[in-house]
Amino acid sequence: MTKKKEKILLDVREPSEFENQYIKGSHNIPLSKLPKHTKELSKINKDITLICRTGSRAQTACKLLKKEGAKNVDIMSGGIVAYDGQGNRLVMGTQKWDIERQVRLIVGFLVFVGAMLGHFVSPYFFLLPGAVGLGLMLASITNTCTMGMMLMRLPYNKPSKKPDTKKLIKKLQSNH
């Protein structure tokens, strides 16, 4: 009788996002750190399911791992948003506004202020909402969010403890 492979749930969101809410039993290696560890992760002889908020970062992580030769990798379709939406329970940690919500607040504020200043002070201020709109288009085309990446660097968005990725990979490689 063959032993069934253990499944690893690998969340590729940033540590502060993971700290906010996560799937019980999942492990966190952020996509920003993944390129340094694809070789070790691709050699793990366990099935790996990649998770992020909606699936986009997990797809990027999957491409990185498969490029390194990993064959045992798949993606949780729809990410933790879909997982939660299907009635599954998430472990709730430190509650903070997620990055997407912070971006929406800042974008809305910039568009509002630009429109008000453009109307009451100078029409040149209408360039601000235009620039924000251009930034949103570029974010959509490139599937990245520069504002979100900048917000992740703020102290509010830092995790309470820095994850030890090397230690986690060694744990995942072991057979328990």
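Which one of these is assigned to a loop (DSSP other than H, G, I, E, B) and in contact with a Ser or Thr (Cβ under 9 Å, 6 or more places away or on another chain): 69, 25, 135?
On inspection, the qualifying residue turns out to be 69.
For region 5-22, which residues satisfy the criterion of being farther than 16 Å from residue 171 by Cβ and part of a strand (DSSP E or B)?
Of everything in region 5-22, those that are farther than 16 Å from residue 171 by Cβ and part of a strand (DSSP E or B) turn out to be 21, 22.
I'm told residue 80 meets every condition in (1) closer than 20 Å to residue 97 by Cβ; (2) modelled with pLDDT under 95; (3) in contact with a strand residue (DSSP E or B) (Cβ under 9 Å, 6 or more places away or on another chain) except one. Can you identify the failing condition by its number?
All conditions are met except number (2).
Can you pull out every residue in region 14-29 that is free of Cβ contacts under 8 Å to residues at least 60 places away in the same chain and closer than 30 Å to residue 150 by Cβ? Break it down into steps so the answer makes sense when it comes.
Filtering region 14-29 down to residues free of Cβ contacts under 8 Å to residues at least 60 places away in the same chain leaves 25-26.
Across region 14-29, the qualifying residue is only 26.
What number of residues in region 138-169 are under 25 Å from residue 93 (Cα atoms) and part of a helix (DSSP H, G or I)?
Matching residues across region 138-169 total 13.
For residue 124, all conditions in the list (1) in the same structural domain as residue 18 (by TED's automatic domain parsing); (2) without any contact (Cβ under 8 Å) to a residue 12 or more places away in the chain hold save one; what is the number of the exception?
(1)
Go through (1) under 20 Å from residue 151 (Cα atoms); (2) out of contact with any helix residue (DSSP H, G or I) (no Cβ under 8 Å at 6 or more places or on another chain); (3) touching a residue at least 40 places away in the same chain (Cβ under 8 Å) one by one and return the number of the condition residue 52 breaks.
The failed condition is (2).
How about region 28-42: which of its residues are aliphatic (A, V, I, L, M) and either part of a helix (DSSP H, G or I) or farther than 26 Å from residue 155 by Cβ (or both)?
Correct list: 34, 41.
Is there a residue in region 119-138 that is aliphatic (A, V, I, L, M) and within 26 Å of residue 15 (Cα to Cα)?
Yes, there is a match, as at least one residue in region 119-138 is aliphatic (A, V, I, L, M) and within 26 Å of residue 15 (Cα to Cα).
The values are calculated or read from the model by the stated rules, or taken from the named source; none is laboratory data. Just so we're clear, the structure is a prediction, and the values are computed from it rather than from any experiment. Note that we place each Cβ from the backbone using ideal geometry, even for glycine, and neighbour counts take in every protein chain shown.
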